[in-house]
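Reading through the structure tokens given below for one structure.
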Amino acid sequence: MKLFGTDGIRGTFNKEPMTVETALRVGQAVAATFATPSKHTVVIGRDTRQSGQALTSALAAGVMSMGAHVALAGVIPTPGVAFLTAAHDEAAVGVVISASHNPFEDNGIKLFDENGYKFDTSVESGIESLVADSEALITRREASSSVGSMNHIPHAVTRYLGFLKEACPVDLSGLNLVADASNGAASSLVEPLLKGAGAELTLINAAPNGININAGCGSEHPEEVQALVTSAGARAGLAFDGDADRLICVDETGEIVSGDQVIAIVAGHYRTHGLLANDTVVTTVMSNMGLSACLKEQGISHTKSAVGDRHVMLAMKEQGAVVGGEDSGHMIFLDRHTTGDGLLSALLLLTVLAETGKPLSELKQTMTVFPQMLINVDVSEKKPLEELTEVPKAIDEAEKALNGKGRTLVRYSGTQKMLRVMVEGEDAELTRYWAEAIAEAVRREIG
């Protein structure tokens, strides 16, 4: 069974692969793979969904059965686990029990190495193979000479909060903000972080009960934030997802500020202050063409990676870049953290807002968003595109019609039987027409 997808293991709780049995085996595999005499501890944190305790307990039991130790961080954002793992002298790996922006019925398992970076897919494949090999796990368990222990990390959330304040010290005095914690892992952090920096804050959806995480709120549903920003006359709105590694922003007019626009704003700020290493920004192939145009105008190189914040991070390390991310709201600032962090991203954007005194609606104009049409088409099979007839023909016709003033991107979903059709261009009508034409070709041929 394939376990790992674009970002860890994910699925509906109590259905394969997201069961306590799988979590126990993952804990055993992680301990067997990474624990050493000097690095013998696994840091585990979780979000607020009700299945988190069961999965945490199962995974911890697996770790301890192999003789390794567990350090519990409790409810904490995903990037908080990355920080705590890197800061823990004896940590071999960090584990987050979270399904990010998914509904409460789902859960997941994300892994970080001892330095707080997400693992390469080859490492995950090795863990996956070991999880599936029951005999190997039994042999390694029986060879263990001891049983591990489990302890709570003292003041885990407070330590992470201190890290954020040190990573991006900012005075937000006079800024009126609206924030949505999505009833998730950041629920107890947003207020002390933003009010502590001097902001006036209206905080919503910060009362998790195990089943309301991401429920009509947060980064997937920023409508309430949009309405409150305009009614309260706020300078900006911030919507986080369930594990707070993503951020969706709203300007003072109630309009969404895309992830690409936030990246453009912060990249420009970095360059002005001499912080933009190698004058390079990394995003995925899904980023809007307007971002490339904006960066080129500023003399900034733009590298594109495969979809997924892990691929962005790897490309950033290769390019020596410190700014990168995804239009979906994952943003990485490698000079300050090892992974995407929604709270840190918010602080950096608010730093620009505070320093320039400009409204966010004006700041986002640094990038013009090209019209984009994305259509998800359910398919009967994931046949290689080069083996199809009608779909490649439709793509070729679209590329010719766009004539260098747009692009197509057609790719299969990594987790579903679905083909994603994206067309982007200067002309909205033309963009919509060719997206629908390619999608219809998909339906006819493999729908």
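Structure notes:
- Residue pairs whose Cβ atoms lie under 9 Å apart, sitting 6 or more positions apart in sequence or on different chains, and linking a residue in the stretch 132-155 that is under 26 Å from Lys2 (Cα atoms) and open to solvent by less than 100 Å² (accessible area, probe 1.4 Å) to a partner that is part of a helix (DSSP H, G or I) and of a type in the set (Val, Ile, Thr), are Leu137/Val131.
- Test: residue in the stretch 173-187 that is more than 18 Å from Ala354 (Cα to Cα) and at pLDDT below 95: no
- For the stretch 169-188, taking the residues that are open to solvent by 30 Å² or more (accessible area, probe 1.4 Å) and not polar (S, T, N, Q), the one that is farthest from the chain's Cα centre (by Cα) is identified as Gly174.
- Taken over the stretch 356-371, the criterion of being surrounded by fewer than 24 Cβ atoms within 10 Å (Cβ to Cβ) and touching a residue at least 24 places away in the same chain (Cβ under 8 Å) is satisfied by Pro359, Ser361, Leu363, Lys364, Thr366, Thr368, Val369, Phe370, Pro371.
- Only one of the numbered conditions (1) closer than 22 Å to Val307 by Cα; (2) in contact (Cβ under 8 Å) with a residue 24 or more places away in the chain; (3) in contact with an Asp or Glu (Cβ under 9 Å, 6 or more places away or on another chain) is violated by Arg411, and that is (3).
- Pairs, first under 12 Å from Pro371 (Cα atoms) in the stretch 423-447, second of a type in the set (S, T, N, Q) and open to solvent by less than 60 Å² (accessible area, probe 1.4 Å), C-beta under 6 Å, six or more apart: Val423/Thr408; Val423/Thr431; Gly425/Thr431
- Highlighted here are the strands (runs of 3 or more DSSP E) found entirely within the stretch 1-118 that include at least 1 residues which are over 18 Å from the mean Cα position of the chain (by Cα) and touching a residue at least 12 places away in the same chain (Cβ under 8 Å): 8-12, 41-46, 69-75, 91-97.
- Filter result (within 18 Å of Asp47 (Cα to Cα) and either open to solvent by 60 Å² or more (accessible area, probe 1.4 Å) or assigned to a helix (DSSP H, G or I) (or both)) within the stretch 194-214: Ala207, Asn209, Ile211
- Among the residues listed as Leu350, Leu374, the single one being in contact (Cβ under 8 Å) with a residue 24 or more places away in the chain and open to solvent by 20 Å² or more (accessible area, probe 1.4 Å): Leu374
- Across the stretch 377-391, the qualifying residues are those that are in contact with a strand residue (DSSP E or B) (Cβ under 8 Å, 6 or more places away or on another chain) and not charged (D, E, K, R), and the one among them that is most open to solvent (accessible area, probe 1.4 Å) is Leu385.
- Filter pass, Arg246 being open to solvent by 10 Å² or more (accessible area, probe 1.4 Å), touching a strand residue (DSSP E or B) at 6+ places or on another chain (Cβ under 9 Å), closer than 20 Å to Ser188 by Cβ and in contact (Cβ under 8 Å) with a residue 12 or more places away in the chain: yes
- Among the candidates Ala54, Ala23, Ala35, residue that is surrounded by 24 or more Cβ atoms within 10 Å (Cβ to Cβ) and closer than 27 Å to Thr139 by Cα: Ala23
- Residue count, the stretch 392-435 (criterion: open to solvent by 90 Å² or more (accessible area, probe 1.4 Å), over 21 Å from Lys382 (Cβ atoms) and at pLDDT 90 or above): 4
- For the residues Glu255, Glu220, the requirement of being among the acidic types (Asp, Glu) and in contact with a helix residue (DSSP H, G or I) (Cβ under 8 Å, 6 or more places away or on another chain) singles out Glu255.
- Filtered residues of the stretch 114-128 (kept if modelled with pLDDT of 95 or more, farther than 14 Å from Ala29 by Cα and either out of contact with any Lys or Arg (no Cβ under 7 Å at 6 or more places or on another chain) or not charged (D, E, K, R) (or both)): Asn115, Gly116, Tyr117
- Sole exception among (1) open to solvent by less than 10 Å² (accessible area, probe 1.4 Å); (2) assigned to a helix (DSSP H, G or I); (3) touching a residue at least 60 places away in the same chain (Cβ under 8 Å) for Tyr270, by number: (3)
The values are calculated or read from the model by the stated rules, or taken from the named source; none is laboratory data. Source: prediction; values computed, not measured. Reconstructed Cβ throughout: ideal geometry from the backbone, glycine too, with neighbour counts over all protein chains shown. Each accessible area value is taken on the protein alone, full model and side chains, heavy atoms only, with ligands, DNA and RNA left out. Shrake-Rupley method; radii C 1.70, N 1.55, O 1.52, S 1.80 Å.
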